[in-house]
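The values are calculated or read from the model by the stated rules, or taken from the named source; none is laboratory data. This is a predicted model, so every value here is computed, not measured. All Cβ positions, glycine included, derive from the backbone under ideal geometry; neighbour counts span all protein chains shown. These accessible areas exclude ligands, DNA and RNA; they are computed on the full protein's heavy atoms, side chains included. Shrake-Rupley method; radii C 1.70, N 1.55, O 1.52, S 1.80 Å.
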Amino acid sequence: MTMRNDFVVLGASGTTGTLIADHLVRQGARVALAGRDAARLGEAAARLDSDAVSVLAVDLADPDSLAAMAAAGRVLVNTVGPFARLAPPVMAACLAAGTPYLDLANERAAVRAVLDRDAEARRRGVALVTGAGFGPAATEALVLALLEPGIRAARVVVASAAGSAYDTEGVRSTVAAAAAEGATTYRAGELVRAPLGNGATTLVFGGAPRTVIPVPVGDLEAARQASGAPDITAYAVPRGAGEPDGRSYGYAEINDVDGRRHTAELRTGEGFAFTAALAAATATRLLDAPAPGAWTAARLLGAEQIAALPGTGIELGR
């Protein structure tokens, strides 16, 4: 009898999927590399060079193919974006199969779509996890670290600046899909939209002043879920600005109902490396059958475990 895989990594022939699969294989896990191109998956499997790796061709437009993929492992890791368009049928297959689901989404709408399925996931006894990447986990971890008992947030600002060693088609298509939402913020608990580029400002974090713009990313929804604040803005350094030192930075600022200001910063290495380590840690946590429902990766793991990722540190403001 064939042993069931520990993990199925969808999109495993891509940059991020391969990095995540490598983490999991080095932990001793059985991993199925899933995607539409069997030849590319075979090449990725050869590079991993492990008897614990197999290849699974899947057609995302075929419900039977999705069902077979969802049943092929104890946890499914989805790295294929744009997530707002491509993730829902994969997630539905996991719910039907009772398989924990994890994705790397950082489109605001995609993160919201997972969180909105909390009641269904609880009813089916399945854990759904989204946002297992530098965005939104870096800034949400900071918000969680700042929310000491008794702090009630009135306004939250988060910002990120990711250093990246790769420029992938998947990231480009996801950014383009998210950008169509424009500059999106929460004001008095309501979603407010403006043309992308509006609301630019300068924030000092990561040891330097950075020009940032409001963006429709998952950080916005993650900060809202974590803090419950009515006013939230998620900023990012405009794509292409880059980080000259190759490192990645997150920033969070909470203004509480008593008028006090709380700040925190996260510093880590290259963004794809952080994402791969975080996704592998989150997927491994899902093997332990956490409480069913819809989670962000940061809430599932907690700020301390994110700060413990390689090369990562969190510093609270004084």
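Please note which strands (runs of 3 or more DSSP E) are completely contained in the stretch 251-318 and include at least 2 residues that are over 12 Å from A138 (Cα atoms) and open to solvent by less than 20 Å² (accessible area, probe 1.4 Å).
On the way: elements: 261-268, 293-296, 313-316.
Filter on the stretch 251-318 gives 293-296.
Results for (1) in contact (Cβ under 8 Å) with a residue 24 or more places away in the chain; (2) within 18 Å of N255 (Cβ to Cβ); (3) in a helix (DSSP H, G or I), shown as yes or no for each residue.
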position	(1), (2), (3)
R122	yes, no, yes
G135	yes, no, yes
A138	yes, no, yes
A141	yes, no, yes
A154	yes, yes, no
V158	yes, yes, no
S164	yes, no, no
T184	yes, no, no
P209	no, no, no
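Please work out which residue is most open to solvent (accessible area, probe 1.4 Å), limiting yourself to the stretch 97-120 and to residues that are part of a helix (DSSP H, G or I) and more than 28 Å from L316 (Cα to Cα).
Ranking the candidates gives A119 first.
Looking only at residues that are within 22 Å of the chain's Cα centre (by Cα), at pLDDT below 95 and assigned to a loop (DSSP other than H, G, I, E, B) in the stretch 1-26, which one is farthest from A68 (Cα to Cα)?
Top of the filtered list is G14.
Please work out if A264 is under 23 Å from R74 (Cα atoms) and in contact with a helix residue (DSSP H, G or I) (Cβ under 8 Å, 6 or more places away or on another chain). It would help to see each step written out before you state the result.
Working: under 23 Å from R74 (Cα atoms): no; in contact with a helix residue (DSSP H, G or I) (Cβ under 8 Å, 6 or more places away or on another chain): yes.
No, not satisfied.
Anything in the stretch 211-243 that is closer than 25 Å to A180 by Cβ, hydrophobic (A, V, I, L, M, F, W, C) and outside any strand (DSSP E or B)? List them, or say none.
Listed by number, the residues that qualify are V215, L220, A222, A223, V237, A241.
Cβ-Cβ below 6 Å, separation at least six or inter-chain, first residue in the stretch 27-52 and within 17 Å of M69 (Cα to Cα) and open to solvent by less than 10 Å² (accessible area, probe 1.4 Å), second among the hydroxyl-bearing types (S, T, Y) and not in a loop (DSSP other than H, G, I, E, B): which pairs?
The qualifying pairs are A32/S54.
Only one residue in A153, A177 is open to solvent by 30 Å² or more (accessible area, probe 1.4 Å), in contact with an Asp or Glu (Cβ under 8 Å, 6 or more places away or on another chain) and not charged (D, E, K, R), so which one is that?
Matching residue, one of A153, A177: A177.
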